[in-house]
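> This is the structure I want to talk about, given as structure tokens.
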Amino acid sequence: MTSTQQPIGSGFGAASTTSEVLAGHDLTGRFAVVTGGGSGLGLEDVRALSAAGANVLVPARRPDEARAALAGAGIEVGTGAAVGAGAGRVEVDQLDLSDLDSVRAFASRFLDSGRGIDYLINCAGVMAPPLTRVGPGWELQFATNHLGHFALTNLLWPALAAGDGARVAAFSSRGHKFSDIRWDDPQFEKEYDRWQAYGQSKTANILFALHLDLLAEPSGVRAFSLNPGGIRTNLQRHVVPEDQLALGWIDGEGNSLITWKSVEAGAATAAWAVTSPALDGMGGVYLEDCEVAPIVDPEDPNSIRTGLNPWGADAKAAARLWDLSAELTGINAF
């Protein structure tokens, strides 16, 4: 059953890094799939997991660029492994989350390999782009951040169920506070607001993990969603200075008003989510700063940067979104 959405005293915090949360973990023989593993936080999770011994597969929209980025981080791809004794093998394959045919093709290739998955980290995403439509007219952020990962996870379900207590970690963000699910217009066919669309997709990531955990627990698979925190990565390539000023990231002179995490700290919560024994027997909860986050009052001005807004803990909404996603994609492992 879904765990209580309240802190558990993990002993870690906002500054904890991937190296710290994985200290003492021998992941030899474990297999991870990390979307978005060719840049930013995903790349750091690939580096950290492989350094601890896990074999890692990176599905990427531009495989050559992902291979180059991994090499730049000291990670050999395909024929080698992450630098360091006991490091695991890292592979790259092609996947475009905004294209269901690409998702199906990737999942088919993987399932044909006969391997199980211990850790699925759904990290890839887009933030606040101009209105873009993909597939049958889907809004890009909802399609990539949510529907693509929904389809991918469902298609990979046989490999997850074959693992030994597999875990799924879905990257969300504090951006979920910008919007609940727009049930009357999830594809923004009436009027597009790129930040509300981003917020909806991040709320969808949370509700996806909530309902997936309910469905998957009988098979020993648990799911979590997470806020990595504020980190400077290429995810923010569409966030112009005017946006940063409106969001309270900078002042009128361009000076930073918030404390940015390092990439190593930003990636830590996902690494903790899929490996920590402190989360054994738990699932369905939203994490931040390597801890279970509390539910907060959206009317409290202090809640804008931390905690889970109540709509992210709505089990009925999670089930409704699952049904909608299955109808849109035509995919449902359950």
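Where a number appears in this text, it was derived from the coordinates with a stated rule and is not lab data. Everything quoted here is computed from the prediction, not taken from an experiment. Heads up, the Cβs are rebuilt from the backbone with ideal geometry, glycines too, and the neighbour counts pull from every protein chain shown.
> Classify the chain from the C-alpha gyration tensor, please: rounded if a/c falls under 1.5, else prolate or oblate depending on whether a/b exceeds b/c.
Because its axes are fairly even, with a/c under 1.5, the chain counts as rounded.
> Loop only per DSSP, at most 16 neighbouring Cβ atoms within 10 Å: give me the trypsin sites (Lys or Arg not before Pro) in the range 132-228, ordered by residue number.
Taking the range 132-228 and a limit of 16 other Cβ atoms within 10 Å, the loop trypsin sites (Lys or Arg not before Pro) found are Lys190.
> Report the residue, chosen from Leu156, Leu287, Leu226, that carries the largest GNM mean-square fluctuation when the chain is represented by alpha-carbon nodes joined by springs under 10 Å.
Per the Cα network of the chain with a 10 Å cutoff, Leu156 tops the list.
> Around Gly281, under 10 Å between beta carbons, what's the net of Lys plus Arg minus Asp minus Glu among the other residues?
Neighbourhood net charge equals -1.
> Calculate the length of the line joining the C-alpha centroid of the range 166-182 to that of the range 1-35, in whole Å.
Using only Cα atoms to place each centre, the spacing works out to 18 Å.
> With the Cα gyration tensor of the range 74-231 giving a ≥ b ≥ c as the square roots of its eigenvalues, does the rule (a/c under 1.5 for rounded; else a/b larger than b/c for prolate; else oblate) give rounded, prolate or oblate?
prolate
> Which cross-chain or sequence-distant (5 or more) residues have an amide H under 5 Å from the amide H of Glu288, H modelled 1.01 Å from N in plane?
Those qualifying (amide H under 5 Å, at least 5 residues apart or on another chain) are Asn227, Ala293.
> Just to be sure I understand: of the beta bridges DSSP finds with both ends in the range 18-328, what percent are antiparallel, rounded to 5?
The antiparallel proportion sits near 20 percent.
> What residues have an amide H closer than 5 Å to that of Leu57, excluding those fewer than 5 places away on the same chain, when H is modeled at 1.01 Å from N in the peptide plane?
HN-HN under 5 Å from Leu57: Ala32, Val33, Val34, Glu91.
> What number comes out for the charge environment of Val134, summing +1 per Lys or Arg and -1 per Asp or Glu over other residues with Cβ under 10 Å away?
Charge balance in the 10 Å sphere: -2.
> Over the chain, what is the mean sequence separation of C-alpha contacts under 8 Å (at least six apart), divided by residue count, expressed as relative contact order in percent?
Over the chain, the number comes to 22 percent.
> Let me ask another. Would you tally the net charge around Ala73, using a Cβ to Cβ cut-off of less than 9 Å, leaving Ala73 out, and scoring K and R as +1, D and E as -1?
Net charge around Ala73: 0.
> Listing Ser108, Ser303 from the residue with the fewest other Cβ atoms within 10 Å to the one with the most, what is the order?
Ser108, Ser303
> Separate question: Is the shape of the range 1-108 rounded, prolate or oblate, going by the alpha carbon gyration tensor and its root eigenvalues a ≥ b ≥ c, with a/c under 1.5 for rounded and a/b larger than b/c for prolate?
Cα axes put the range 1-108 in the oblate bin.
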